[in-house]
Amino acid sequence: MTKVVTRFAPSPTGHLHIGGARTAIFNWLLARHFGGTFLLRIEDTDQERSLQEYTDSILASMRWLGLDWDGDLIYQGRRFDIYNGYIDRMLETGHAYWCECTPDEVEQMRETARERGLKPKYDGRCRERGLGPGPGRVVRLKAPLAGRVVFEDMVKGTVAFDAAELDDMVLRRADGAPTYNLAVVVDDATMGVTHVLRGDDHVSNTPKQVLIYQALGLPLPVFGHVPMILGPDKKKLSKRHGARAVIEYEQDGLLPQALVNYLVRLGWSYGDQEIFALQELVEKFTTDNLNSSPAAFDPDKLQWLNAHYLRETPVDELARLTAPFVKAEGFDVAPERLAALVPLFRERASNLADMARVMRFMLVDAAALEHDPAAVAKALTAEGKAHVAALRGLLDQADPFDKATLEKVVHDYVEQGGLKFKQVGPPLRVALAGSLGGPGLPEIMEVLGRAETLARLDRAAALG
RNA sequence: GUUCCCAUCGUCUAGCCGGCCUAGGACAACGGCCUUUCACGCCGUCGACGGGGGUUCAAAUCCCCCUGGGAACGCCA
């Protein structure tokens, strides 16, 4: 088997979105699975809309996702000479011709065709005129008038189009720049790309590209078109659906493993398995299990996966990842303290931003702690406050001030008083946390420390 | 409009070279267990082969039609 070469070819007109990210992941996986090469090409031939900052952003997202590429980045913008060389070759071999029709004229032809219920296309007016170069002229492909254009698709099987459906597409614009389809073919061929896995929206480009390959006498790669990702409402993914660039998911506190895992499972499966480590994906990914029907994006499942990976991440690393989010909440917390906090909250959050939010009550001063009025009314009754006050004295004696000791102090208090834990747990909790939910009491007190714990208990006595 | 693609629970999907499917798993929802609480975890419930024709002893699985969705029809990528 020849070496597999795949590529991802984003155009730097925006950030990397999840659809593109999935395509990138699939190509990366295909190359890595077969020990092949994964190339990255920036399709910046549209000088107007292409921005360097987007290239940078796309690269940053690729790295964040853990997708490394082989060799240097390829910029289409720097390869115009190569494209023009191939276009000249087609001109020489009679596979292309000069055309002087203006965009308006061509639009007129399309309009006419549409009115007649036909496929809008260029009518081939200049095909046999034998025109040479000249201002305002473009080069068009002399496409076959009849026959079928057939290609094998890794996900859809055999796909065929009537050649009559295709028109003489422009290869070189009036300004001398090559068009997308020409550039893609020349690039893929010269880069040695063997497998072109891309979005569904390119299926109808494929026969056009096949024609160019044939005109150039170049071998065809294997094509594969993965269905698009739909929004949760089954409609095309759009801004309305909230975050969609991978950078936004990063900012929302998602872990890259979760996004990768989720995206891969959207359109690909391996039996009933849901969780895949990156290395496992490399081992198991092949093109045969790609799904051919479009998939709707499900934020809930993404969060579930993220929560899973949150619990898998080592504490120190999780603390490091959470730091920026805690900072965004307005707190400057030492790494060691964050590492002590994280184990109490990792199971109570599904992403890093959540985590920072949910541990907020641990970071404020006793004086600034907010108490949920309903919880106060329910638990900090006269009896509740009495227990809190009694506990304050006992807890002050705890030595060492650690989880085990603290637990014993509270336990003994309940035992000796002939009480039920339900009588002292809730008031103590509201005093410490301000609400009725959260981590275990002993661990909260341990991380809070003696002074802060006592301060909170004192403050609770004054509440209500 | 034309062409191409797609069609299993609300969602992601397994199954699809026909029988092992009274259709399996996961997310969500709901209920329970665990637990001082919340969460995690565990157990369970609800829930789908779009419709119609064929082929066959037998169809979610093969064929055709319909319907429904999507994409593309640029001197954008």
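The values are calculated or read from the model by the stated rules, or taken from the named source; none is laboratory data. Bear in mind that the values here come from a model prediction, so they are computed numbers and not experimental data. Every residue, glycine among them, receives a Cβ derived from its backbone with ideal geometry; neighbour counts consider all protein chains shown. Keep in mind that these areas ignore ligands, DNA and RNA; they rest on the heavy atoms of the full protein, side chains included. Shrake-Rupley method; radii C 1.70, N 1.55, O 1.52, S 1.80 Å.
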Legend entry - Magnitude of the charge dipole, segment A:261-375, Cβ model with Lys/Arg +1 and Asp/Glu -1, debye to 20: 120 debye
Legend entry - Nearby aspartates and glutamates by direct alpha-carbon distance to A:Lys119 (threshold 17 angstrom, same-chain neighbours under 8 apart not counted): A:Glu105, A:Glu107, A:Glu111, A:Asp162, A:Glu165, A:Asp167, A:Asp168
Inset, instruction - Report, largest value first, the span of the C-alpha coordinates of segment A:149-229 along each principal axis, in whole Å. - result: 37, 30, 29
Inset, instruction - Determine the sum of side-chain charges near A:Ala349: Lys and Arg each +1, Asp and Glu each -1, restricted to other residues whose C-beta is under 13 angstrom from that of A:Ala349. - result: +1
Inset, instruction - Measure nothing but the geometry: give the 0 to 90° angle between the long axis through the Cα atoms of A:206-216 and the longest principal axis through the Cα atoms of chain A, rounded to 10°. - result: 50 degrees
Inset, instruction - Kindly write out, for segment A:346-351 in residue order, the coupling ³J(HN,Hα) from the Karplus curve 6.51 cos²θ - 1.76 cosθ + 1.60 (θ = phi - 60°), rounded to whole Hz, with x marking Gly and Pro. - result: 4, 8, 10, 9, 10, 7
Legend entry - Unit charges on C-beta of K, R, D, E only; dipole of segment A:384-464, Debye: 360 debye
Inset, instruction - Note down the nm distance, to one decimal, between modelled labels 7 Å out along Cα→Cβ at A:Gln279 and at A:Glu107. - result: 5.8 nm
Inset, instruction - Starting from the amide H of A:Tyr75, placed 1.01 Å from N in the peptide plane, find each other amide H under 5 Å away whose residue is 5 or more places distant or on another chain. - result: A:Ile42
Legend entry - Accessible area (Å², 1.4 Å probe, nearest 10) - A:Arg49: 150 Å²
Legend entry - Rg/Rg_globular for chain A, with Rg_globular taken as 2.2 N^0.38 Å and Rg from C-alpha atoms: 1.39
Legend entry - Loop-resident sites, segment A:1-61, for GluC sites (Glu not before Pro), counting at most 15 other Cβ within 10 Å (DSSP): A:Glu48
Inset, instruction - Just the isolated ones, please: cysteines in chain A lacking another cysteine beta carbon under 4.7 angstrom. - result: A:Cys101
Legend entry - Under-5 Å amide H pairs with A:Asp153, H placed in peptide plane, nonlocal only: A:Thr158, A:Val159
Inset, instruction - At 1.4 Å probe size, with no ligands or nucleic acids counted, give the accessible surface of A:Arg148 in Å², nearest ten. - result: 140 Å²
Inset, instruction - Hey, can you find the accessible area per residue of chain A for me, probe 1.4 Å, expressed in square angstrom? - result: 47 Å²
Legend entry - Debye, to nearest 20: dipole size of chain A, +1 on Lys, Arg Cβ, -1 on Asp, Glu Cβ: 820 debye
Inset, instruction - Using only alpha carbon positions, build the gyration tensor of segment A:271-354, then give the equivalent ellipsoid semi-axes as the square roots of 5 times its eigenvalues, largest first, whole angstrom. - result: 32, 15, 10
Legend entry - ³J(HN,Hα), Karplus 6.51/-1.76/1.60, whole Hz, each residue of segment A:44-58, x for Gly, Pro: 10, 6, 8, 4, 5, 9, 7, 10, 4, 5, 6, 4, 4, 5, 4
Inset, instruction - Report in % the part of the accessible area of chain A that belongs to carbon and sulfur, leaving out ligands and nucleic acids; probe 1.4 Å. - result: 51 percent
Legend entry - Extension reserve of the A:Glu312-A:Asp365 stretch, reckoned as 0.36 nm per residue once the Cα distance is removed: 16.0 nm
